[in-house]
Amino acid sequence: MSESLPLFEAAVAALTRYFVGDQALGETLHQIAKLTVQAVPATDHVGITMLVGDKLTTSVFTHPEVPEIDRAQYRSGEGPCVDAYRTGTPTMIESTLEQGRWQEFRDSAARHGVFSTLSLPLIGQAGPIGALNLYAEVEHGFSAEDQRVAELFATQAAFVLANAQAYWDVRTLSENLEQAMVSRAVIEQAKGVIMATMRCDEDDAFAILKTQSQAQNIKVRDIAEGIVRNTGRPPEPSEH
């Protein structure tokens, strides 16, 4: 590990300096992929497998052919990236030109000029986050030392990614709550306007809002915003 130690340390240092709130989650993923190549120079391409909805997919990649390579394993449900994610165990294919496990994936990789692969699980405290997939354009591209370095880097990357996910989950929740509070305030204002002009109670005012919303196929919040906005307009000048 001595020869690659400076590159690994530089990549990890870049990760630790990376503040997850500075950029969106996608940018964090791209940063991890880029630094993987720096940490493990034997790597030609990188892909990051993540669960999107209920399906695994290659969320980030450093070469446009990586998703094409990975599609075979997502279609069959079998492959090194899928297994690394599911089992939490690193997987390696020393030569995709040789017959063996995950043959459909091997064939796909070889057709795209990838002849060896290394997949590392990305594991957070709550469980698997994804898989970090390294591709080389030569057979036997990853040594035992490369695998040790890659596993250490994947551990650091998982920590950063878990923090990024937590940050954006909380931020999204906060923004949704804030929007809900704003919407509620606008609806309450609109109800007040309706109650004053129609001389009705609060329940009837909200029923009027809902009826108008359904009739126009517009959200209640948007109907309320229109009422409040129009109520706040200055009177039109009279014509003489």
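The values are calculated or read from the model by the stated rules, or taken from the named source; none is laboratory data. Since the structure is predicted, the reported quantities are computational estimates derived from the model, not experimental observations. Positions of Cβ are backbone-derived with ideal geometry, glycine not excepted, and every protein chain shown enters the neighbour counts. In case anyone asks, the SASA skips ligands and DNA or RNA and just uses the protein heavy atoms, side chains included. Shrake-Rupley method; radii C 1.70, N 1.55, O 1.52, S 1.80 Å.
Anything in the range 106-132 that is assigned to a loop (DSSP other than H, G, I, E, B) and more than 25 Å from the chain's Cα centre (by Cα)? List them, or say none. Correct list: His112, Gly113, Val114, Phe115.
Here Glu225 passes the criteria (1) at pLDDT 85 or above; (2) touching a helix residue (DSSP H, G or I) at 6+ places or on another chain (Cβ under 6 Å); (3) acidic (Asp, Glu) except the one numbered (1). Note on the range 23-105: enclosed strands (runs of 3 or more DSSP E) holding 2 or more residues that are out of contact with any Asp or Glu (no Cβ under 9 Å at 6 or more places or on another chain), hydrophobic (A, V, I, L, M, F, W, C) and open to solvent by 70 Å² or more (accessible area, probe 1.4 Å) are 45-52. Taking every residue in the range 121-140 that is more than 15 Å from Val52 (Cβ to Cβ) and pairing it with any residue that is acidic (Asp, Glu), at least 6 positions away or on another chain, the pairs with Cβ-Cβ distances below 8 Å are Asn133/Asp70; Tyr135/Asp44; Ala136/Asp44; Glu137/Asp44; Glu139/Glu94; His140/Glu94.
Restricting the range 183-222 to residues that are aliphatic (A, V, I, L, M) and within 38 Å of the chain's Cα centre (by Cα), the residue that is surrounded by the most Cβ atoms within 10 Å (Cβ to Cβ) is Ala190.
Is it the case that some residue within the range 115-130 is surrounded by 14 or more Cβ atoms within 10 Å (Cβ to Cβ), modelled with pLDDT of 95 or more, touching a Ser or Thr at 6+ places or on another chain (Cβ under 7 Å) and of a type in the set (A, V, I, L, M)? Checked the range 115-130: no residue is surrounded by 14 or more Cβ atoms within 10 Å (Cβ to Cβ), modelled with pLDDT of 95 or more, touching a Ser or Thr at 6+ places or on another chain (Cβ under 7 Å) and of a type in the set (A, V, I, L, M). Looking at the range 59-69, can you tell me whether even one residue there is within 18 Å of Gln147 (Cβ to Cβ) and in contact with a strand residue (DSSP E or B) (Cβ under 8 Å, 6 or more places away or on another chain)? Checked against the condition, which is being within 18 Å of Gln147 (Cβ to Cβ) and in contact with a strand residue (DSSP E or B) (Cβ under 8 Å, 6 or more places away or on another chain), the range 59-69 yields no hits at all. All of Ala150, Ala164, Ala180 fail the test of being under 30 Å from Pro67 (Cα atoms), assigned to a helix (DSSP H, G or I), within 32 Å of the chain's Cα centre (by Cα) and at pLDDT below 85, apart from Ala164.
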